[in-house]
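Data first, discussion second: the structure below is written as structure tokens.
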């Protein structure tokens, strides 16, 4: 009888040991599987975020109107005889250029694109998509005016371009953006006559004497 009880106790102890070992194994392996899954999925999410944001940032940097740089009417007048250093473009309507312009400036009418430049923030692709005919005409007008000044088909990049408009604002902005964004003239080579024709005609007799009709 004593031997039977002893045998039962030993068997019970062995079964309990097996059960504890099995439970302990399940508790140790589960967290390892969870950690592995988390480690593998996190980089995929980060890579996706980088892929989605990079092109947007690159596009944003390429857009926008260019900052304008100015010359005073006196500085412009003093430069008129320096044809080897400067190119003078009147970007107003050709009709108004014909009525009166500063002698030495060539007509580069940008009336057809000045509102588009403002609306599309200087983005040449969007301007061309909105009105291809006006876009092409603006480029042609600039190139024709530059050729009249220099005799060259290509736009020089070593000369300073001086823009004359009505008041030194929207038409000059259109000229600045087209020269930089489309025709690849360096930004530091483009100047606007401060105040445009309005300021020029208000500067005195020596300035109005330079105004001629076509």
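Checking the stated criteria, residue 108 turns out to be in contact (Cβ under 8 Å) with a residue 60 or more places away in the chain and either loosely packed, with under 14 Cβ neighbours inside 10 Å or touching a helix residue (DSSP H, G or I) at 6+ places or on another chain (Cβ under 6 Å) (or both).
The residues on offer are 112, 104, 98, and the sole one that is in a helix (DSSP H, G or I), modelled with pLDDT of 95 or more and farther than 18 Å from residue 158 by Cα is 98.
Scanning segment 44-76 for residues that are over 25 Å from residue 180 (Cβ atoms) and at pLDDT 95 or above turns up just one, 74.
The values are calculated or read from the model by the stated rules, or taken from the named source; none is laboratory data. As the structure is a prediction and not an experimental result, all values here were calculated from the model. Here the Cβ is made from the backbone with ideal geometry for all residues, glycine too, and neighbour counts use every protein chain on show.
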